[in-house]
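Every read-out reported here was derived from the displayed coordinates using simple, explicitly stated rules and does not represent laboratory data. All values reported here derive from a predicted model rather than from experimental measurement. Note that each Cβ is placed from the backbone with ideal geometry, even for glycine, and that neighbours are counted across all protein chains shown.
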Amino acid sequence: MADNLVYSSKINKIRSFALILIFVGFAVMYGGLLAKKIEWLMLTLFLFGVMFILLSCVVYFWIGMLSAKTVSIVCPSCEKPTKMLGRVDACMHCKQPLTLDKELEGKEFDEKYNKRKYRKQAKSNNGN
Ligand SMILES: [Zn+2]
């Protein structure tokens, strides 16, 4: 029952989706090969197959784009290097849910910066 709580890494999910698309594409094209007696059906199936494969290429390209945005970290649970996508993701190796609040860190820094400014303003106000 605890398996319901296991997250799987987003990139792995997308990658397996792209792989499924390629298999579906080839399966559809194979179907077209089987239906070569019916010309329009063969052409339609081939067209769909090519579309699926092109779509998987787009997804793979998308993964590449996403991978550039990921943050490489060492998993605290299994101590293997993994990549995180977004604030919440799972370890690629042990499916350990991970959180990374890079943006929150930035916000905190901004807040501190603002606070310092406020303090300076407050100080100058007190001085006056
Ligand atoms: Zn791990």
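Restricting the search to the range 58-73, which residues are away from the ligand (no atom under 16 Å from the Cβ) and in contact with a helix residue (DSSP H, G or I) (Cβ under 8 Å, 6 or more places away or on another chain)? If the condition is that a residue be away from the ligand (no atom under 16 Å from the Cβ) and in contact with a helix residue (DSSP H, G or I) (Cβ under 8 Å, 6 or more places away or on another chain), then VAL59, TYR60, TRP62, ILE63, LEU66, SER67 are the ones that fit. If the condition is being more than 7 Å from the ligand (Cβ to nearest atom), closer than 15 Å to ILE11 by Cβ and either within 15 Å of the chain's Cα centre (by Cα) or in a loop (DSSP other than H, G, I, E, B) (or both), then the range 74-91 contributes LYS83, MET84, LEU85, GLY86, ARG87, VAL88, ASP89, ALA90. Filtered by the rule that a residue be surrounded by fewer than 14 Cβ atoms within 10 Å (Cβ to Cβ), among the aliphatic types (A, V, I, L, M) and farther than 16 Å from PHE17 by Cα, the range 37-64 gives ILE38, LEU43, LEU47.
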